[in-house]
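*Asks:* Dropping a structure here in C-alpha cells format, bear with me for questions.
The values are calculated or read from the model by the stated rules, or taken from the named source; none is laboratory data. Remember, it's a predicted structure, so these values are computed and weren't measured experimentally. Please note: Cβ atoms are built from the backbone with ideal geometry, for glycine as well, and neighbour counts cover all protein chains shown.
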Amino acid sequence: MRGIEKKVFDFLEVHLATMIFLLLIISVAIEVFARYVLNKPLPKFFELSIYSFVWCIYLGASLAKRYNQHIRFDIFYRKFPVKIRLLVDTFFDSLVCAVLLLLVIPSIKYTIWNYTIKASALRIPWTYLLLCFPIFVCLILIHNFRDIVINIRELMGKEVRREEELPWQL
C-alpha cells in the first residue's frame, strides 16, 4: 500500500477508531458513575456510548478486512491447494462487492436524508451517527477490490502476495 493511501486508511481505521473507542470508554465510565454513585442517569452519555460503540464496530470490521483478520471457519479451507483458496477468496470477495455496490448509493442517500432527524438526547443530526455505515461500505469495497486484484495476479503467477505488517504486532 502506498504512503498516502496507508495514511488515509490508518487515520480512519486506526486513529479515528481509537479516538472513538476512548470516547466510548469515557462515556461508559461517566454513565456508570452517574447512574450508580450519584443515582442520576445521564441520557446523553448513554446515547453517546451506543453510537460510539456502533462506530467502533464498523471501523474495526474494515480494519480486520484490511489485514485479513476476520474470524472464519477454515478447517477445510486450509487443506485446499493455494490456487483453490485464491479462487474461493476471489469468489467471496466478489460476492461481497456485488452486495455492497448495491448498498452504497442507498446508504449514502439514507444517511443524508436523516439530517433532519435529531438524536433524542444528544440533539445532533442522525446523519453524523449513521455516517459510519457508508464509510464502512466504501472501505470494505476498496479492501475487497484490492484483494481481488492481488488474488488474480497471484493466480496468473505475476505477483506474490505481500501482507501489510499488522499494526498491533509491531
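*Asks:* Exposed (fewer than 12 other Cβ atoms within 10 Å of the Cβ) and charged (D, E, K, R): which single residue out of 72, 35, 66, 85 fits that description? Don't jump to the end; show me each part of the working.
*Replies:* On the way: 35 fails: exposed (fewer than 12 other Cβ atoms within 10 Å of the Cβ); 66 fails: exposed (fewer than 12 other Cβ atoms within 10 Å of the Cβ); 85 fails: exposed (fewer than 12 other Cβ atoms within 10 Å of the Cβ).
Answer to the check: 72.
*Asks:* Residue 69 versus (1) modelled with pLDDT under 95; (2) in a helix (DSSP H, G or I): which is the lone unmet condition?
*Replies:* (2)
*Asks:* If you check residue 8 against the conditions, is it modelled with pLDDT under 95, of a type in the set (A, V, I, L, M) and touching a helix residue (DSSP H, G or I) at 6+ places or on another chain (Cβ under 8 Å)? Break it down stepwise before answering.
*Replies:* Numbers: modelled with pLDDT under 95: yes; of a type in the set (A, V, I, L, M): yes; touching a helix residue (DSSP H, G or I) at 6+ places or on another chain (Cβ under 8 Å): no.
No; evaluated as a whole, the condition is false for this residue.
*Asks:* Here are some residues: 98, 121. Which one is over 21 Å from residue 60 (Cα atoms) and under 18 Å from the mean Cα position of the chain (by Cα)? It would help to see each step written out before you state the result.
*Replies:* Working: 121 fails: under 18 Å from the mean Cα position of the chain (by Cα).
Exactly one residue qualifies, and that residue is 98.
*Asks:* Tally the residues that are among the charged types (D, E, K, R), over 19 Å from residue 127 (Cα atoms) and touching a Leu at 6+ places or on another chain (Cβ under 7 Å), restricting the search to the stretch 18-51.
*Replies:* 1
*Asks:* May I pose another question? Provide a single number: the residues in the stretch 93-142 that are surrounded by 18 or more Cβ atoms within 10 Å (Cβ to Cβ) and either without any contact (Cβ under 8 Å) to a residue 12 or more places away in the chain or basic (Lys, Arg) (or both).
*Replies:* 0
*Asks:* Go through 121, 98 for me and flag whichever is small (Gly, Ala, Ser) and under 27 Å from residue 151 (Cα atoms). Walk me through how you get there before you give the answer.
*Replies:* On the way: 121 fails: under 27 Å from residue 151 (Cα atoms).
After ruling out the rest, the residue left standing is 98.
*Asks:* What are the residues in the stretch 25-56 that are under 16 Å from residue 130 (Cα atoms), among the aliphatic types (A, V, I, L, M) and without any contact (Cβ under 8 Å) to a residue 40 or more places away in the chain, if any?
*Replies:* 50
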